[in-house]
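Below is one structure, written out as structure tokens; comments come after it.
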Amino acid sequence: YYAMNRMEDAVEWLSLAIEQEPTVADVYYTRGTARCQLGRQELGVEDFTRVLELKPTDAQAMGNRGFAYYELGMLEEAVEDFLGAIDTGGGSTRLYSNLGLAYMHGDQPALAAECFDRALDYPEGGDYQLWLRGCAYCNSGSYLQGAADFTELLATGEDSVQYMGDRAVAFYVAGYCEKAAEDMRILVRIEPERVNSWQLFLGRALYKAHDVEGAIEAMDEIIAREGDGEYGSVAATRARTWSDGELEGALYEPDTEDLLRK
């Protein structure tokens, strides 16, 4: 049943097996994994805890319990289990990635960046870990390091919109507004479903780069496209404000939290 992804049936039969023989760690482990896949992380934690009572050095159960804690938002417990699993069974891309995510969501991005860096030391480490490290660098204030990671990812040709958007935000927040504007011009062209958002962002970057004429021109393009709609109204307000030499009235202020998209 487990192999067929019929988790409800798997849990039922594993529970019957536990009733017959309550001291087999592997049965608790499998049931805990099935329960977590069903979204029952609290019960999964109970099963993995039972595994560790029977086999205190089971690094895999420790890591799985850590991830269940992470999904429950119990970040301190998650970190403790991930570290324990690494100390007991050695590191891996998966463990360091999960530890980094726990640190990231626990507002410790510098530690998260170190973990994602370690995750890249293993053969399984790849684009996802590099992207996470870039996000962690940015969230810890090292925007140019983050931009460097996003640039490396752009060289792969995969998910270029995601990485270019993240790099644009990193450059913008770091104060490299001309570089940010270069990326935003491309994004305006290649991501039509968000053209207005990126063009508003482009205008702000150009204004902060002291290209007032270019910023207002970007707003005029939105107005021509959207008229009196939501984005058109914002663009018109912003264009008037910038014409008066002020920087108020912006719709979108990039936030480093945007770098870690859910």
For region 142-262, what's the relative contact order in percent, using C-alpha pairs closer than 8 Å and at least 6 residues apart?
17
Top of 162, 37, 145 by mean-square fluctuation, Gaussian network on the chain, Cα under 10 Å
37
Select from region 110-216 those GluC sites (Glu not before Pro) which occupy a DSSP coil region and have at most 14 other Cβ atoms within 10 Å, ordered by residue number.
124, 158
Cα-centre dipole for region 163-211 with unit charges at Cβ (Lys and Arg positive, Asp and Glu negative), debye to 20
60
In square nanometres and to one decimal, what's the mean projected area of the convex hull around the Cα atoms of the chain?
16.6
Using a simple charge model, +1 on the beta-carbon of Lys and Arg, -1 on the beta-carbon of Asp and Glu, nothing else, what dipole does region 142-262 show about its Cα centre, in debye to the nearest 20?
60
Hey, what's the Cα Rg ratio for region 142-262 versus the globular rule of thumb, 2.2 N^0.38 Å?
1.03
Mind putting a number on the dipole of the chain about its Cα centre? Charges go on the C-beta only, +1 for Lys and Arg and -1 for Asp and Glu, and I need it in Debye to the nearest 20.
240
Extreme residue, positive dipole direction of the chain, given options 45, 126, 169 (C-beta unit charges):
126
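Values in this text are rule-based calculations from the coordinates and carry no lab data. Because the structure is predicted, anything quoted here is derived from the model rather than measured. As a convention, Cβ positions derive from the backbone with ideal geometry for all residues, glycine included, and neighbour counts pool all protein chains shown.
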